[in-house]
Amino acid sequence: MKIIRQPAEMTAWSKHRSREGQSIGFVPTMGFFHEGHLALMRMAEQQADRVVVSLFVNPSQFGPNEDLSAYPRDFERDSQMARDVGVDVLFAPESGDMYPPESKTTVTVADLTDNLCGADRPGHFTGVATVVSKLFNIVRPDLAVFGQKDFQQLAVIRRMTRDLNMGVDIIGHPIVREKDGLAMSSRNTYLDAPLRRSALSLSGAIQQVCTLAVEGERSVQRLNAAVEAFITSFPETGIDYISFINKDSLQQVTTVDRDTVVALAVKIGNRVRLIDNGFVFQD
Ligand code: AMP
C-alpha cells in the first residue's frame with residue numbers, strides 16, 4: 001500500500017490509473033479505523049479496480065467547542081489495517097496542504113443541512129461538503145462509499161454530487177454495529193464501561209420505535225415521547241435531537257411510513273456526542 005501526503009502526487013497517481021483504464025473507488029475517513037470503516041473499504045474493493053482511502057481529520061467540520069484536538073488518532077494502526085484489507089493508497093494530507101491560507105472557496109448545500117446535525121453544529125456541513133469536493137477533485141474517483149450511519153451527510157453528499165455534476169457514483173453502506181447493537185464509531189473509544197452502557201440507549205431506542213410501529217403506532221408525537229423516556233432512563237444521557245424524517249427530503253414528518261427514518265443525536269456524559277439512525281420499518 002502506498003502512502004501519499006501531497007495532493008498533487010495523489011492526482012498524478014489517479015490520472016495514471018485512469019489512463020490505464022482502471023476504475024478508482026474512494027473512501028473518505030477521519031481515521032481511527034474500526035470494522036465500519038473496513039466494511040466501506042471492502043465494498044469499494046468489490047466495485048472498483050483500485051481503492052484509495054483518505055485519512056484527514058478535517059478541521060473545518062469541527063465547531064469551536066468540539067473535539068478536534070482530542071479526536072482519536074493512530075496513524076500506524078490505521079495504515080496497518082488499511083494495508084491488511086488491501087487498500088491501494090492511503091491519502092493522508094497535511095492540513096496546510098488542504099487549506100492553504102489564500103483559500104476563499106467553500107461549498108454549501110442548502111435546505112438539507114438546516115435541521116438535525118446541521119442545526120446543532122453550524123458550519124459543519126459546509127466543512128464536510130467543501131472537504132469532500134476537494135478530495136473528489138484530488139482523488140478523481142469513479143465511485144465513493146459513505147456510511148449510512150451519517151445519514152444526513154450521505155444525503156448532502158449525494159445532492160452536492162448531482163448538483164455540481166461531479167460524476168462520482170455515491171454508494172451508501174449500511175450501519176455496522178457491535179454485537180450488542182452499538183453503532184461503531186471512532187468516538188466510542190471515549191466511553192468507559194458505565195457510559196458505554198448508556199450509549200446503548202441509542203440503538204435500543206431505534207429498536208423500540210420499530211417494535212411500536214410494527215404494533216401499529218404511527219404518531220410521531222407518541223413515538224417521540226416513548227423514545228425520549230427510554231433514552232433519559234439511562235444515566236448521563238442528554239438528547240440533542242430525536243427526529244422522524246423523510247429519507248429523501250430529510251423533512252420532519254408527523255406520521256411514520258416506510259420512508260421514515262428515526263435519527264438521534266445524544267450526548268453521553270459530558271464530552272461524547274453519538275448519532276444513530278434507522279428506518280422505522282426495517283423489513
Ligand atoms: P469518519 O471517519 O467517522 O468520518 O467516517 C468515515 C466514513 O465511515 C463515513 O462515511 C461514515 O459514515 C462511515 N462510518 C463510520 N462509522 C460507521 C459505521 N458504524 N457503519 C457504517 N459506516 C460507518
Principal semi-axes in Å for the range 15-71 [√(5λ), Cα gyration tensor, largest first]: 29, 14, 7
Per-peptide average of other Cβ atoms within 10 Å, ordering 49-55, 139-145 highest first: 49-55, 139-145
Calculated P(r) of the range 18-169 - Cα pairs past 25 Å, %: 27
Cα-based Lys pair tally, the chain, threshold under 18 Å, eight or more apart or on separate chains: 6
Potential lengthening between Q6 and N65 on full extension [0.36 nm per residue; Cα-Cα distance subtracted]: 18.3 nm
Scattering curve values for the chain, log₁₀ I(q)/I(0), Debye with Cα scatterers, q = 0.11, 0.12, 0.17 Å⁻¹: -0.65, -0.78, -1.46
Beta bridges per DSSP with both ends in the chain, % antiparallel, nearest 5: 50
Square roots of five times the Cα gyration tensor eigenvalues for the range 186-277, Å: 24, 14, 10
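All of the numbers you see were taken from the coordinates with simple rules; none came from a lab. Model, not experiment: these values are computed from the prediction. Using ideal geometry, Cβ is built from the backbone for each residue, glycine included, and neighbour counts are taken over all protein chains shown.
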